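**Q** Supplied in structure tokens, the structure appears directly below.
Coordinate-derived values only; no laboratory data. Remember, it's a predicted structure, so these values are computed and weren't measured experimentally. Cβ coordinates were reconstructed from backbone atoms using ideal geometry, including for glycine residues, and neighbour counts include every protein chain displayed.
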Amino acid sequence: MKKGLYLSVICASMLYSAETHLETISVEAPIEAEVFKDVSGEDIKSADVAEALMRQSPSVSLVRRSGISNDVIVRGQKKDNINVTIDGAKVCGACPNRMDPPISHVLANNIDTIVMDEGPFSVEDFGVLSADIDIVTLKPKKELSGDVSLNFGSWGYQKASAYASAGVDNFRFLFGISAEKGGQYEDGDGNNFYEQVNNYIAHNLNGNADHDKKLKSQAYQPQYSDMDAFAKKTGMAKLFWDITDTQQVRLSYIGNRSDDILYPTSPMDALYDDSNLYNIEYTAKDLGAYSKSLDLQVYKSDVEHPMSNDYRMASKTSRMENALTTDMTGAKITNSFERENHAVKVGLDYSLRNWDGAYYGFNEKYIGASIPDVDTKNIGLFVEDGIALDKFKITLGARYDDTTVEPNIGNYQENDYNALGGFLLGTYQSDESTKLFAGIGRSSRVPDPRELYSLAKDGLMLGTPDLEQTTNTEFDIGAEKQFEKSLLKAKLFYSKLGDFIFYNSDNTKNMFENMDATLYGLEISGSYFVTDTLYIDSALAFQKGEKEDPLTGQTETNMPEIPPMKFIVALNYEYDATAKLKAEAVAASRWDDVDSQNGEQVLAGWGVINLKGSKIFKDAYELTLGVDNLFDKTYAISNTYEDLTLITGGGYQMLMNEPGRYVYANLSYKF
């Protein structure tokens with residue numbers, strides 16, 4: 001019985017670190033997707049969702065920017081190529097330098113489930129190119145329940161979080177709060193953020209007075225050498241109202257307040273990062289033969305993000321702030337029904353995003369626009385049909401999008417885009433232990449306002465206003481096989497990317513450029529049960545990407561941001577339902593397929609050992625102890641592609657090392 005349960009839990013997604021052992025996808029879930037459950041209860045080392053995903057999926061890589069608010073790469077793509085929704089609401093960040101990616105606007109302690117559908121196999125959301133990541137937050141329950149948690153870690157990390165849920169009559173409520181802060185972590189050589197920056201500067205001084213002065217200006221001022229790296233507070237409130245047995249209204253609010261977030265490899269840090277997400281959902285069931293479920297959603301989000309060089313030496317003579325805001329308003333109506341062996345879903349999707357930014361100097365003096373108050377308006381129509389045919393299941397979908405991108409200030413061109421996409425996905429369950437799937441899909445995403453219209457502080461156009469939208473035509477195939485004591489799963493994908501948007505560092509203006517590309521990869525995961533209490537997990541992921549031709553003025557064709565092969569093996573021991581131990585090795589090969597003409601550099605291979613153990617006391621208290629990077633290795637996993645503005649000394653931009661040995665403890669009480 002226990003073996004069968006473990007195999008069903010592990011089958012879709014192998015564990016990707018010592019940090020978490022989440023129940024992932026069940027055997028009934030789509031084989032092409034990954035589902036990470038009980039995130040708030042299991043991912044307790046950090047509230048950073050990017051780290052949580054990186055640790056659990058072999059196809060996800062981390063883009064390290066700071067101690068928190070990091071970004072992800074999925075199958076060799078990031079930024080707007082990945083669609084992120086929180087409870088179905090589309091969320092965007094305000095920073096053009098990706099200091100506040102969409103995934104950073106909700107914390108792990110507020111999350112119930114994350115569903116990640118890789119590839120162009122979702123038609124319900126706008127702009128799903130590489131992956132669709134749907135984050136589902138905690139839901140209120142009728143009975144009184146909740147959790148109080150305290151977490152402590154190396155370098156002064158502290159986190160406290162709590163939530164409570166209860167109900168009365170037809171109403172259910174949930175309230176949650178959290179607060180965390182952390183110091184500047186140290187790499188394996190014992191260098192914190194301040195020291196990593198100083199070491200880079202010292203290594204790149206060349207005796208040229210102008211060069212060295214500019215380089216030194218990017219250092220932190222000495223009085224900030226040991227300031228905290230971040231402080232973050234969140235709040236969440238939900239109300240579910242069961243109007244009748246077949247109708248429900250759901251109201252929710254999520255707020256984030258972050259202060260003084262240090263981004264050591266960038267010339268600027270975030271003074272604060274504040275976001276609000278409001279969501280209203282209405283569901284009516286069993287309205288008739290052609291409406292099993294009618295769902296209406298209206299949402300709004302806003303983000304405020306000023307970044308400046310206030311903590312750097314440069315601010316003494318040339319203070320600079322880039323203050324940005326973005327807000328998203330959206331609505332979606334979906335109707336679902338079943339006829340014979342068909343499960344049909346049709347819907348209308350609308351969103352309007354505004355993105356605005358401006359540069360300011362001393363005394364908040366206005367200098368000029370950085371993002372010229374741009375509106376991106378989309379209307380999409382979609383339909384999906386799931387067809388059950390004995391051992392076969394066929395799912396097909398289509399979506400049509402009409403999108404307008406329009407600056408509201410300046411004499412810049414408006415862009416209109418239209419796209420028709422869809423997918424066909426087939427699954428064959430040959431027997432109880434074997435499942436096969438194959439699919440082909442096509443999707444598109446439009447250029448974002450930064451790629452089209454971003455401006456330097458002197459007014460130079462960095463964006464490229466006539467960019468084409470990017471299309472992904474992808475073929476996926478995979479298999480899953482369960483044996484008596486083991487399980488094996490493999491997936492392959494092949495993508496033809498039309499008009500992919502690249503950054504061309506050789507240009508002095510219009511830095512973004514369309515170019516076709518090819519991207520393919522492999523993911524393999526498996527588990528073996530030595531005994532009922534001792535089992536081994538392993539996972540491997542590999543991607544390769546090539547531009548069809550070099551960018552203008554260049555000669556290389558390697559795609560940027562294609563992480564090297566990564567491998568993990570973990571030994572798990574579960575003494576009983578209350579005690580777990582885990583030892584894990586994670587390694588990556590040398591990153592030498594790089595886009596060096598656009599700032600990437602060769603990174604050495606690396607390997608680390610992580611340990612974790614947990615124990616439940618009196619059915620309510622749980623103590624977790626862990627150590628990551630046991631042998632205090634110095635290594636970097638994030639490269640230096642120049643589409644991000646990083647500190648540079650005329651050669652390669654500054655790399656950011658990963659944390660050295662990190663020791664943590666978490667104590668939680670559930671009721």
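**Q** At 7 Å along Cα-to-Cβ for each site, give me the label-to-label distance between T531 and K618 in nm.
**A** So the two model labels end up 3.1 nm from each other.
**Q** Ok, one more. Relative to the present Cα-Cα distance, how much length would full extension add between T645 and Y573 at 0.36 nm per residue of separation?
**A** Taking T645 through Y573 to full extension adds about 21.5 nm, to one decimal.
**Q** Follow-up question, since we're still on this one. Could you check how many percent of all C-alpha pairs in region 398-533 are farther apart than 22 Å? List each step's numbers first, then the result.
**A** Numbers: 5232 of 9180 pairs.
That tail contains 57 percent of the Cα-Cα pairs.
**Q** Further, regarding this structure: Grab the Cα-Cα distance for F171 and S433, subtract it from 0.36 nm times how many residues apart they are, and report the gain in nm with one decimal.
**A** 90.1 nm
**Q** Still on this model: Per the Debye formula with a single identical scatterer at each Cα and no solvent contribution, what log10 I(q)/I(0) holds for region 444-505 at q = 0.13, 0.23, 0.24, 0.25 Å⁻¹?
**A** -0.56, -0.95, -0.98, -1.02
**Q** Give the calculated FRET efficiency between D516 and K216 to the nearest 0.05, with a Förster radius of 56 Å applied to their Cβ-Cβ distance.
**A** 0.85
**Q** Could you tell me the relative contact order of region 2-670? Use alpha-carbon pairs under 8 Å, at least six residues apart, and round to a whole percent.
**A** Value for region 2-670: 12 percent.
**Q** Would you kindly derive the ³J(HN,Hα) couplings of region 296-311 from the backbone phi angles with the Karplus curve 6.51 cos²θ - 1.76 cosθ + 1.60 (θ = phi - 60°), listing them in order in whole Hz, with x for Gly and Pro?
**A** Residue by residue, region 296-311 yields 10, 9, 10, 9, 8, 9, 9, 9, 10, 9, x, 10, 8, 9, 4, 8 Hz.
**Q** Using alpha carbon coordinates only, what is the Rg to Rh ratio of region 2-670, with Rh defined as the Kirkwood radius?
**A** Checking Rg against Rh, the ratio lands at 0.95.
**Q** Across region 334-340, in residue order, what do the Karplus-derived ³J(HN,Hα) couplings come to in whole Hz, using 6.51 cos²θ - 1.76 cosθ + 1.60 with θ = phi - 60° and x for Gly and Pro?
**A** Once rounded to whole Hz, the list reads 10, 10, 10, 7, 10, 9, 6.
**Q** Still on this structure: Identify, among A604, I562, T634, the residue whose Cα sits farthest towards the positive end of the charge dipole of region 559-671, taking +1 on the Cβ of Lys and Arg and -1 on the Cβ of Asp and Glu, with the dipole about the Cα centre.
**A** Of the candidates, T634 comes out farthest on the positive side.
**Q** Turning to a different aspect of this structure: Quick check of the Kirkwood formula: for region 503-575, what is the inverse mean of 1/r over all pairs of different Cα atoms, in Å?
**A** After inverting the mean inverse Cα-Cα distance, the result is 15.6 Å.
**Q** Dipole of region 2-670, Cα-centred, from +1 at each Lys and Arg C-beta and -1 at each Asp and Glu C-beta, to the nearest 20 debye?
**A** Computed about the Cα centre, the dipole is about 1360 debye.
**Q** Could you calculate the FRET efficiency of D245 with V383 from 1/(1 + (r/R0)^6), where r is the beta carbon distance between them and R0 is 25 Å, rounded to 0.05?
**A** Efficiency at R0 = 25 Å is approximately 0.30.
**Q** For region 449-525 and region 174-204, what is the centre-to-centre distance using only Cα atoms, to the nearest Å?
**A** Measuring centre to centre over Cα atoms gives 30 Å.
**Q** Taking the radius of gyration and the Kirkwood hydrodynamic radius from Cα positions alone, what is the Rg/Rh ratio for region 281-370, to two decimal places?
**A** Ratio of gyration radius to Kirkwood radius: 1.38.
**Q** With each label point set 7 Å from Cα along the Cα-Cβ vector, what nm distance links E340 and N206?
**A** 7.3 nm
**Q** Further question on the same structure: Give a residue-ordered list of calculated ³J(HN,Hα) values for region 150-158 (Karplus: 6.51 cos²θ - 1.76 cosθ + 1.60, θ = phi - 60°; whole Hz; x for Gly, Pro).
**A** So the J values, rounded to whole Hz, are 10, 10, 9, x, 4, 6, x, 6, 9.
**Q** Let me ask something else. Name the long-range amide H neighbours of E548: under 5 Å, sequence gap of 5 or more, or other chain; modelled H, no Pro or chain starts.
**A** D516, A517, T518
**Q** Using R₀ = 35 Å, calculate the FRET efficiency as 1/(1 + (r/R₀)^6) where r is the Cβ-Cβ separation of A160 and E548; round to 0.05.
**A** 0.10
**Q** Hey, another quick one. Enumerate the whole-percent occupancy of each 5 Å bin, from 0 to the last occupied one, for all C-alpha pair distances of region 319-391.
**A** So the P(r) values, bin by bin, are 4, 13, 15, 11, 10, 9, 8, 7, 7, 6, 5, 3, 2, 1, 0.
**Q** Quick check: pseudo-label points 7 Å beyond the Cα along Cα→Cβ at F362 and D402, how many nm apart are they?
**A** According to this spin-label approximation, the distance is 5.2 nm.
**Q** To continue, here is another question. Between E484 and L581, what is 0.36 nm times their sequence separation minus the Cα-Cα distance? Round to one decimal in nm.
**A** Result for the pair: 32.6 nm of gain on full extension.
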